[in-house]
Amino acid sequence: MNDTTATTIANKSNLERKTIRRERVRLVLRDKTFLIGALILGIWLFITVFGNFLAPHAAGDQDFQFVSKSPSLKFPFGTDSNGRDVFSRVILGTRLIVVMAFSATVLGTVLGTSLGLATGYFKGKFDMIVMRLIEAVSAIPVLIIALLAIAALDGRSPTLTVIVIGFVFTPNIGRTVRAAVLGESELEYVAAARLRTERTRHILFREILPNVLPPIIVEFTVRLGYAIFAIATLSFLGAGVEYGSPNWGSQIAENWGNIYSNVWWPTAFPALAIASLAVSINLISDSLLEIFEL
Amino acid sequence: MSDAPALEFRDLEVAYTVRGIDREVLRKVSFSIAPGEAYGLVGESGCGKSTAAFAAMRYLPRNGKITSGSILFEGQDIVGMSTSDINTLRRSAISMVYQNPATALNPTIRIGDQVAEVFALQGLSKSDALAKVEQALIKVQIADPTKVMRRYAHQLSGGMAQRVVIAMALASNPRLLVMDEPTTGLDATVEAEVLDLVRKLRKESGTAVLFISHNLGVIRHMCDRVGVLYAGALVEQGATEDIFSNPSHPYTVGLLRCIPRGGLHKNTDRLDTIPGTPPALGTHFDGCVFADRCALVEDKCRTTQPEMVTVGQSHVARCFHTDKAGSMPRAIDTVSVSVSQNPNRATTGTRLLDIDHLSKAFTQDGHAVHVVNDVSLQVGVGETLGLVGESGAGKTTIAKLILGLYGSDSGSHVVLDGKDLAGTLNKRDIKDVGAMQIVFQNPDQALNRRHSVTRIVGRAVQKLRGLSADDSTDRAHELLSGMRVEATLHSARPVQLSGGLKQRVAISRAFAGAPQLVVCDEPTSALDVSVQATILNLLVDLQKQDGTSFIFISHDLGVVRYISDKIAVLYLGRVVEFGDSNRVFQGPHHPYTEALLSSVPNIDGSVRKRIPLTGVIPSPSNPPSGCVLHPRCPRMAGSGVEHLCTSVEPALTEVEPGHFMRCHIPLDQLRTVQTQ
């Protein structure tokens with residue numbers, strides 16, 4: 001082949017590749033679904049980091065002159081039956097749920113990816129046994145497993161909740177990764193790696209893993225949305241977080257009874273917070289799913 | 001039927017909108033097909049063949065549009081036609097047969113119901129339609145139509161599925177049939193049968209055919225007239241005989257020259273190539289589309305678009321130099337490669353690899369399926385052993401057993417350079433692993449798409465040579481440059497490379513550990529013929545330079561004949577014939593080899609009597625008794641040894657010096673019947 005032609009082709013295709021990537025980024029940035037999701041999530045992440053400076057009151061500040069006051073300029077989200085500022089408590093509750101949800105999802109993704117890589121690559125009996133176990137676990141609702149585990153381990157610590165949710169997510173992520181790995185491991189670059197005496201670990205993490213990243217990223221965002229709900233629900237049920245700490249789930253739990261006396265704001269605002277955070281993450285994952293055609 | 005051409009393209013221009021920009025794929029293409037005529041469109045991938053086929057059905061992809069010109073069906077312009085009118089035409093007058101029958105059929109609908117849909121569209125009742133299906137299937141020579149009608153697509157062999165697709169296409173008694181690479185995925189023997197069928201049906205029905213293929217041999221046998229497409233432009237057109245005997249466009253000449261054809265052999269002939277690569281989609285040309293790659297190029301060619309020049313009766317070519325094209329200088333890539341690492345090789349011909357009683361049974365639903373049966377073969381230093389046979393013959397399995405990618409059954413021996421190797425890869429020495437490597441068929445799957453070229457080759461050097469990371473990168477770059485992968489491409493990912501370049505990277509990787517033997521598993525079947533020639537030349541150079549031995553697997557007998565010193569013909573996991581390349585090709589042949597050879601459509605136009613193989617390849621889980629070929633054997637009837645053929649499996653015996661065969665029929669008898 002002619003040298004210059006080869007070079008021009010390479011340059012051209014290099015350009016092409018960059019255009020494709022830029023195109024994808026542009027598609028993502030143009031996608032309204034993604035933009036709205038990113039905007040809402042961005043606000044929440046900002047609050048996560050700077051919440052301490054933004055909240056006008058401390059979480060435990062009580063003012064008995066203002067008990068169950070409706071939203072006003074002084075208290076934008078009103079006050080609860082203990083005279084605490086709902087606005088501040090929503091802001092201060094953000095960090096816990098965001099950090100817990102991210103940690104749990106990261107843990108679940110790491111475990112699930114490892115499991116998926118191993119089962120998809122080795123197949124055979126190992127795969128069969130693990131998959132049957134996964135199916136058995138998946139048959140029980142996530143919350144029940146989490147509640148049972150937390151009750152059995154008698155833990156109210158956020159760390160334990162994160163670990164439990166991470167484990168509960170593992171099977172789902174594992175299954176997604178396994179499906180992708182099953183296809184990849186049939187491809188001949190894997191045979192080529194074996195033919196230069198690569199260790200299995202290298203084949204799994206250096207050869208196959210980079211090629212199955214897209215579904216893993218999407219699965220991560222989907223699970224993140226679930227994690228928000230799971231953590232909020234657990235704290236609503238009184239499990240998973242220390243009592244009295246400012247967190248959305250327990251705020252709802254403490255105040256929902258007052259809805260009947262028309263004090264809706266201490267319940268409504270934390271609930272809206274949960275919903276908007278979860279929705280923002282789902283919008284992002286929907287948009288990624290569509291653009292990466294997974 | 002009117003006197004107007006069945007199909008006429010007038011200055012047709014088609015563009016695809018890719019990322020907001022219109023890219024030209026067909027450039028002022030004009031041709032016409034007379035009623036009942038078979039017109040072939042030939043060219044390499046990306047030249048616009050399929051676009052032309054879909055345009056004829058007015059069924060372009062969503063981003064495709066006809067920018068100017070017209071398409072006339074029996075004198076009627078279909079470009080501006082309303083959707084309902086074009087649907088009426090598709091229902092009653094124009095049909096299409098697609099390349100891949102497996103995806104052309106709906107996997108969830110029984111064959112009978114699926115074919116019946118076509119009749120139902122013509123207004124027949126369900127029961128009338130089903131009755132018609134049976135006749136339609138008989139017409140395409142399906143032996144047991146009622147049984148086939150109850151099956152699903154996946155239960156049919158490729159040839160059978162393509163017959164069903166053809167039956168569906170013919171159901172409307174079309175006046176124009178568009179066939180887009182109808183036999184490309186099929187085995188040679190099946191391809192020959194399907195082509196025979198199409199020819200026969202065409203004779204009966206007088207349907208005009210637009211036949212698309214990259215295979216010049218197939219085009220030569222199927223078509224009355226041929227058009228050659230390059231970069232979306234029709235560069236030459238004429239009667240099939242004229243095009244093949246007097247090609248007048250440099251591209252056509254180049255295309256015909258780079259095919260390894262009858263009798264060429266690596267020791268005496270080097271393959272011609274077409275320098276350069278085809279232009280990217282939608283490239284703009286001021287002059288001739290082929291100017292960049294043409295050996296006869298002049299300044300005029302780059303600035304002025306040549307008109308169609310009449311060369312002979314109805315034979316035209318779009319070139320300023322039609323008179324010189326036939327005698328244009330040969331394009332031979334002469335750069336020699338330098339990857340030699342083992343200068344102290346034993347002399348050519350000394351035994352290198354001994355495969356002894358190689359067997360492999362896979363377990364399927366609790367049953368042992370013998371995929372490879374007692375295969376014994378030898379490969380000498382610097383020799384090429386060609387493995388041929390239909391799909392399912394066990395060619396690739398044998399390769400993987402030799403390499404240790406699969407463990408072989410007990411009793412099997414793979415002896416390399418006098419050393420009996422362990423059955424599986426991880427029990428072998430790193431040196432022995434590096435000594436035998438493979439080049440896979442599909443470089444897209446064989447190269448990790450997330451890794452750079454340097455990393456792909458460098459890692460192999462590092463592992464197989466035990467070099468440091470830096471040293472192996474340097475060595476990888478030397479190796480790649482030797483294979484003519486330019487330095488600017490070393491940091492590229494595989495997706496940025498053309499098919500030929502990808503395969504060069506794969507070859508570089510295979511040579512990373514200074515191998516003594518490289519298995520080439522259909523290394524050129526995914527490539528265009530001009531690229532195939534450069535890859536074959538490269539392999540031959542490497543062999544001459546380093547004395548590397550090859551096991552070369554291919555379904556293309558022309559390629560195998562060109563590159564091989566010895567040939568083993570496989571059927572159902574058994575070697576049925578083995579010997580020097582010349583002997584195997586000249587005969588007397590094993591009856592199976594004979595049938596295989598006779599099914600190849602030659603580009604030299606010689607008509608060989610086809611020896612048909614009837615029936616389908618039996619399943620290896622339930623092989624026939626006696627000689628496994630006997631239910632399909634073209635020579636058993638009348639041989640006088642039928643009782644042996646059906647009851648005793650023949651052994652592989654040396655019928656003449658260096659020529660082994662597994663057949664009960666005596667050699668002289670085979671010679672006699674085959675020379676008749």
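The values are calculated or read from the model by the stated rules, or taken from the named source; none is laboratory data. Nothing here was measured: the structure is a model prediction, and the numbers come from that model. All Cβ positions, glycine included, derive from the backbone under ideal geometry; neighbour counts span all protein chains shown.
Tabulated results
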{"read-out": "For B:Gln141: the one exception among (1) surrounded by fewer than 23 Cβ atoms within 10 Å (Cβ to Cβ); (2) in a helix (DSSP H, G or I); (3) polar (S, T, N, Q)", "value": "(2)"}
{"read-out": "Any hit, segment A:237-252, residues being surrounded by 20 or more Cβ atoms within 10 Å (Cβ to Cβ) and over 23 Å from A:Val142 (Cβ atoms)", "value": "yes"}
{"read-out": "Unmet requirement for B:Arg450, which otherwise passes all of (1) in contact with a helix residue (DSSP H, G or I) (Cβ under 6 Å, 6 or more places away or on another chain); (2) within 8 Å of chain A (Cβ to nearest Cβ); (3) farther than 18 Å from A:Leu195 by Cα; (4) part of a helix (DSSP H, G or I)", "value": "(4)"}
{"read-out": "The lone exception for B:Asp269 - which of (1) within 24 Å of B:Glu383 (Cα to Cα); (2) acidic (Asp, Glu); (3) modelled with pLDDT of 90 or more it fails", "value": "(3)"}
{"read-out": "Filtered residues of segment B:388-419 (kept if more than 21 Å from the chain's Cα centre (by Cα), in a loop (DSSP other than H, G, I, E, B) and not acidic (Asp, Glu))", "value": "B:Gly404, B:Leu405, B:Tyr406, B:Gly407, B:Ser408, B:Ser410, B:Gly411, B:Ser412, B:Gly418"}
{"read-out": "Some residue of segment B:14-36 being in a strand (DSSP E or B), over 27 Å from the mean Cα position of the chain (by Cα), among the basic types (Lys, Arg) and farther than 25 Å from B:Thr277 by Cβ", "value": "no"}
{"read-out": "Scope segment B:462-481; condition surrounded by 21 or more Cβ atoms within 10 Å (Cβ to Cβ), more than 14 Å from B:Ala506 (Cβ to Cβ) and in contact (Cβ under 8 Å) with a residue 24 or more places away in the chain; matching residues", "value": "B:Lys463, B:Leu464"}
{"read-out": "Odd one out for B:Leu255 among (1) outside any strand (DSSP E or B); (2) in the same structural domain as B:Gln141 (by TED's automatic domain parsing); (3) hydrophobic (A, V, I, L, M, F, W, C); (4) buried (at least 24 other Cβ atoms within 10 Å of the Cβ)", "value": "(2)"}
{"read-out": "Test result for A:Val106, at pLDDT 95 or above and part of a helix (DSSP H, G or I)", "value": "yes"}
{"read-out": "Qualifying positions in segment B:227-241 - buried (at least 24 other Cβ atoms within 10 Å of the Cβ) and within 23 Å of B:Thr277 (Cα to Cα)", "value": "B:Gly227, B:Val228, B:Leu229, B:Tyr230, B:Ala231, B:Gly232, B:Leu234, B:Val235, B:Glu236, B:Gln237"}
{"read-out": "Elements of type strands (runs of 3 or more DSSP E) in segment B:495-599, at least 1 residues being within 13 Å of another protein chain (Cβ to nearest Cβ) and either closer than 18 Å to B:Ala460 by Cβ or touching a Pro at 6+ places or on another chain (Cβ under 8 Å) (or both)", "value": "B:517-521"}
{"read-out": "Residue in segment B:112-119 that is surrounded by fewer than 18 Cβ atoms within 10 Å (Cβ to Cβ), at pLDDT below 90 and out of contact with any helix residue (DSSP H, G or I) (no Cβ under 7 Å at 6 or more places or on another chain) present", "value": "no"}
{"read-out": "Selection count, segment B:434-447, where residues are surrounded by fewer than 24 Cβ atoms within 10 Å (Cβ to Cβ) and either facing another protein chain (nearest Cβ under 7 Å) or in a loop (DSSP other than H, G, I, E, B) (or both)", "value": "3"}
{"read-out": "Subset of segment B:410-433 [crowded, with 16+ Cβ neighbours inside 10 Å, in contact with a Lys or Arg (Cβ under 8 Å, 6 or more places away or on another chain) and more than 11 Å from chain A (Cβ to nearest Cβ)]", "value": "B:Ser412, B:Leu421"}
{"read-out": "Residue list for segment B:603-661, filter: more than 29 Å from B:Arg220 (Cβ to Cβ), touching a His at 6+ places or on another chain (Cβ under 9 Å), of a type in the set (Val, Ile, Thr) and part of a loop (DSSP other than H, G, I, E, B)", "value": "B:Val641, B:Val648"}
{"read-out": "Members of segment B:292-314 that are under 21 Å from B:Ile243 (Cβ atoms) and either within 14 Å of chain A (Cβ to nearest Cβ) or among the acidic types (Asp, Glu) (or both)", "value": "B:Arg293, B:Cys294, B:Ala295, B:Glu307"}
{"read-out": "Selected residue [crowded, with 19+ Cβ neighbours inside 10 Å, of a type in the set (Val, Ile, Thr) and either more than 8 Å from chain B (Cβ to nearest Cβ) or under 31 Å from the mean Cα position of the chain (by Cα) (or both)] from A:Thr200, A:Thr170", "value": "A:Thr170"}
{"read-out": "Some residue of segment B:579-588 being in contact with a strand residue (DSSP E or B) (Cβ under 9 Å, 6 or more places away or on another chain), in contact (Cβ under 8 Å) with a residue 24 or more places away in the chain and under 21 Å from B:Val194 (Cβ atoms)", "value": "no"}
{"read-out": "Long-range neighbours under 7 Å by Cβ, at least six apart or interchain, first residue of a type in the set (Asp, Glu) within segment B:161-188, second part of a helix (DSSP H, G or I)", "value": "B:Asp180/B:Ser50; B:Asp180/B:Ala53"}
{"read-out": "Criterion (modelled with pLDDT under 95 and more than 30 Å from B:Met149 (Cβ to Cβ)) met by exactly one of B:Arg58, B:Arg90", "value": "B:Arg58"}
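Quick grid of which residues meet (1) more than 24 Å from B:Arg175 (Cα to Cα); (2) part of a helix (DSSP H, G or I); (3) out of contact with any His (no Cβ under 8 Å at 6 or more places or on another chain); (4) without any contact (Cβ under 8 Å) to a residue 60 or more places away in the chain:
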{"site": "B:Ser70", "(1), (2), (3), (4)": "no, no, yes, no"}
{"site": "B:Met81", "(1), (2), (3), (4)": "no, no, yes, yes"}
{"site": "B:Ser84", "(1), (2), (3), (4)": "no, yes, yes, yes"}
{"site": "B:Thr88", "(1), (2), (3), (4)": "no, yes, yes, yes"}
{"site": "B:Ser95", "(1), (2), (3), (4)": "no, no, yes, no"}
{"site": "B:Thr108", "(1), (2), (3), (4)": "yes, no, yes, yes"}
